[in-house]
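*Asks:* I'd like to ask you about the structure that follows.
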Amino acid sequence: MMHNSVFYSAAISPVGLVKFFGNLAIADSPQQVCETYPVFQNKVFEMALDPDPAMIGVALDTLGLLGTTVEGKQVLQKTGEKFKAVLLRMSQLAGSGATELRVRSLDAISQLLTLEVCVKKI
């Protein structure tokens, strides 16, 4: 009989976990999720640098999702060199990657660079 933890680790893919924690970060707090589960953030960066296009795509989508909030942008910026390496990879993919990865890279980059400004009318 298979032990439960072995079963669950085999049944849940890193892709599924990254998607789950990415959505949790946006629903709750990017900073809180990334500080409570640092493995999540490290896995996203690892996947962004992975040669597997499926892993890269999920990482790009997750980075873009995190980049939709100011707090998410700040959390990513705090990682320093790790995030710089991922940004470099994103720019390379945007310029010379497969079409799907180009689109996903450009979308993630645009989300990271967009800052929503709220203007109150008096």
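*Asks:* For residues that are part of a helix (DSSP H, G or I), in contact with a helix residue (DSSP H, G or I) (Cβ under 7 Å, 6 or more places away or on another chain) and of a type outside the set (D, E, K, R), tally how many sit in region 21-53.
*Replies:* 16
Matching residues to (1) farther than 20 Å from Pro14 by Cα; (2) among the β-branched types (Val, Ile, Thr):
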{"residue": "Asp50", "(1), (2)": "no, no"}
{"residue": "Val58", "(1), (2)": "no, yes"}
{"residue": "Leu65", "(1), (2)": "no, no"}
{"residue": "Gln74", "(1), (2)": "yes, no"}
{"residue": "Thr79", "(1), (2)": "yes, yes"}
{"residue": "Leu93", "(1), (2)": "yes, no"}
{"residue": "Ser96", "(1), (2)": "yes, no"}
{"residue": "Ser110", "(1), (2)": "yes, no"}
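*Asks:* Please specify each residue of region 52-78 satisfying the condition of being of a type in the set (Asp, Glu), surrounded by 14 or more Cβ atoms within 10 Å (Cβ to Cβ) and more than 12 Å from the chain's Cα centre (by Cα).
*Replies:* Glu71
*Asks:* If you go through region 18-29 one residue at a time, do you hit one that is basic (Lys, Arg), out of contact with any Lys or Arg (no Cβ under 6 Å at 6 or more places or on another chain) and within 17 Å of Phe83 (Cα to Cα)?
*Replies:* no
*Asks:* Search region 72-113 for residues being without any contact (Cβ under 8 Å) to a residue 12 or more places away in the chain and among the β-branched types (Val, Ile, Thr), and hand back the single one that is nearest to Ala59 (Cα to Cα).
*Replies:* Val103
*Asks:* Starting from residues that are part of a helix (DSSP H, G or I) and over 12 Å from the mean Cα position of the chain (by Cα), keep the ones in region 11-20 and report whichever is modelled with the lowest pLDDT.
*Replies:* By that ranking, first place goes to Ala11.
*Asks:* Sticking with this one: Any idea how many residues of region 79-116 are over 14 Å from the mean Cα position of the chain (by Cα), part of a loop (DSSP other than H, G, I, E, B) and closer than 19 Å to Pro30 by Cβ?
*Replies:* Residues that pass the stated criteria total 4.
The values are calculated or read from the model by the stated rules, or taken from the named source; none is laboratory data. On a predicted model such as this, the values are computed, not experimentally measured, just so you know. Cβ sites come from the backbone with ideal geometry, for glycine too, and all protein chains shown count toward neighbours.
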